[in-house]
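The values are calculated or read from the model by the stated rules, or taken from the named source; none is laboratory data. None of the values given here were measured: they were computed from a predicted structure. For neighbour counting, all protein chains shown are included, and Cβ atoms are generated from backbone atoms with ideal geometry for every residue, glycine included. Side chains are part of the model used for accessible areas, which takes the heavy atoms of the whole protein and leaves out ligands, DNA and RNA. Shrake-Rupley method; radii C 1.70, N 1.55, O 1.52, S 1.80 Å.
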Amino acid sequence: MHTYVVLRDLSNASVAGPFETGLATVEEVVTEPRVDVERLDKAEVQDVARDPQVRSIAEVMPTRLVEPVASSEAAATAAWGIGAVGADTSARTGAGVVVAVLDTGIDADHPAFAGVTLTQIDFTGSGLGDRNGHGTHCAGTIFGRDVDGTRIGVARGVDRALIGKVLADDGRGNSAWMFDGLQWAVNQGAHVVSISIELDFPNFVRRVVDEEGWPVDLATSRALEAYRATLHMFEALMAMIRSREAFGAGTMVVAAAGNGSRRNVDPDHEIGVALPAAADGVVSVAAVGQSPQGLQVAAFSNTFAQISAPGVGIVSAATGGGLRSLDGTSMACPHVAGLVALWREEVLASPLPANTATVTAKLLATAATDGFAAGIDVADRGVGLAVAP
């Protein structure tokens, strides 16, 4: 018996009793997608899968934050990414846009978040707040106010943020918390969701071997099945979210590509975008850094991302106050989430359809390609550097 995440579509789940009213009609009630966590044996999995309401089922997998690497610019004091993406010259601020951050929580008392209405929820059981620092740093890049004269936030006009703590204080979590957090953010009206999380495939294998006594090859196969099922579930949930856009403002999901590549060891040591960034409908973000020759794709940044953003030497909010510099696609992702807020404000002020398809098209179509060093592989940087309207 194992623990599973079950995604149900309850759109047609409610039927009004026609004979009670004397009318031979069926009342369709549109409801939210529902994510459940259930302990099931093999036979029960088959029974659940046959339920017409069930869109997807996947064994719960461990997750972890996209771990920042040691910053090569630890002493940096300026948030260079703000200027690189053009946020400092944009007329848009993200005003009226609701942003969600699914991460390790937030240091709500940090001066960077003064004046922002923060709605927090803890899915981990470790309590509200951020005792890791990852979530606070990411949130600061998206909508942080200036700290001691240093601008750190791309979208400083955002005045409402949803903070879903889906990783515990050690930076670990599971796919059930992640799905719960995403569903919550959508239900709360998030226009953009920032996720710097990845599935922890190696830890899943180790756990099955150490705790359940499985041989390594079988444990790896089971982890692959769970990974594949989780990809299907994420894409099914994204499709359900998109289908609801006609009844609301719509939600874009932006995710870090992952820090698994090792181009500093060998240029060929690179791997593809990790889940959830690899899911269809999610904007995946690679990390770039500065060099005398122009922007370079970070050695750690996973390949095949859709778009890139600053992710090396990124200065943002530190838990307890002040600033610190980190490297990672975790740092690139919130740049793009902030830019999505700017583009949504821009689209709302235009005659274009005010939906996520328009915002996504604008974000990808306007990406800059002229600031990169020579010889950069397009597959590594995506369509280019994300920029502000």
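The figures follow:
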item: Residues that are within 17 Å of residue 281 (Cα to Cα) and open to solvent by less than 60 Å² (accessible area, probe 1.4 Å), drawn from region 214-232; result: 229, 230, 231
item: Breaking point among (1) open to solvent by less than 10 Å² (accessible area, probe 1.4 Å); (2) part of a loop (DSSP other than H, G, I, E, B), for residue 293; result: (1)
item: One residue from 250, 272 being at positive phi, open to solvent by 10 Å² or more (accessible area, probe 1.4 Å) and not aromatic (Phe, Trp, Tyr); result: 250
item: Qualifying residue in region 312-324 (condition: open to solvent by less than 10 Å² (accessible area, probe 1.4 Å), touching a residue at least 24 places away in the same chain (Cβ under 8 Å) and under 27 Å from residue 235 (Cα atoms)); result: no
item: Whichever residue in region 301-354 is part of a loop (DSSP other than H, G, I, E, B) and under 13 Å from residue 252 (Cβ atoms) and, among such residues, is farthest from the chain's Cα centre (by Cα); result: 354
item: Residue list for region 66-88, filter: modelled with pLDDT under 95 and in contact with a helix residue (DSSP H, G or I) (Cβ under 7 Å, 6 or more places away or on another chain); result: 66, 68
item: Number of the condition not met by residue 64 [criteria: (1) open to solvent by less than 60 Å² (accessible area, probe 1.4 Å); (2) assigned to a strand (DSSP E or B)]; result: (1)
item: Residue 100 vs. criteria assigned to a loop (DSSP other than H, G, I, E, B), under 20 Å from residue 329 (Cβ atoms), open to solvent by less than 10 Å² (accessible area, probe 1.4 Å) and in contact (Cβ under 8 Å) with a residue 24 or more places away in the chain; result: no
item: Members of region 183-221 found to be among the acidic types (Asp, Glu) and in contact (Cβ under 8 Å) with a residue 40 or more places away in the chain, listed by number; result: 198, 200
item: Among the candidates 337, 318, 368, residue that is touching a Ser or Thr at 6+ places or on another chain (Cβ under 9 Å), of a type outside the set (D, E, K, R), at pLDDT 95 or above and within 20 Å of residue 257 (Cβ to Cβ); result: 337
item: Exclusive hit being under 26 Å from residue 132 (Cβ atoms), open to solvent by 50 Å² or more (accessible area, probe 1.4 Å) and either in a helix (DSSP H, G or I) or at pLDDT below 95 (or both), set 211, 235; result: 211
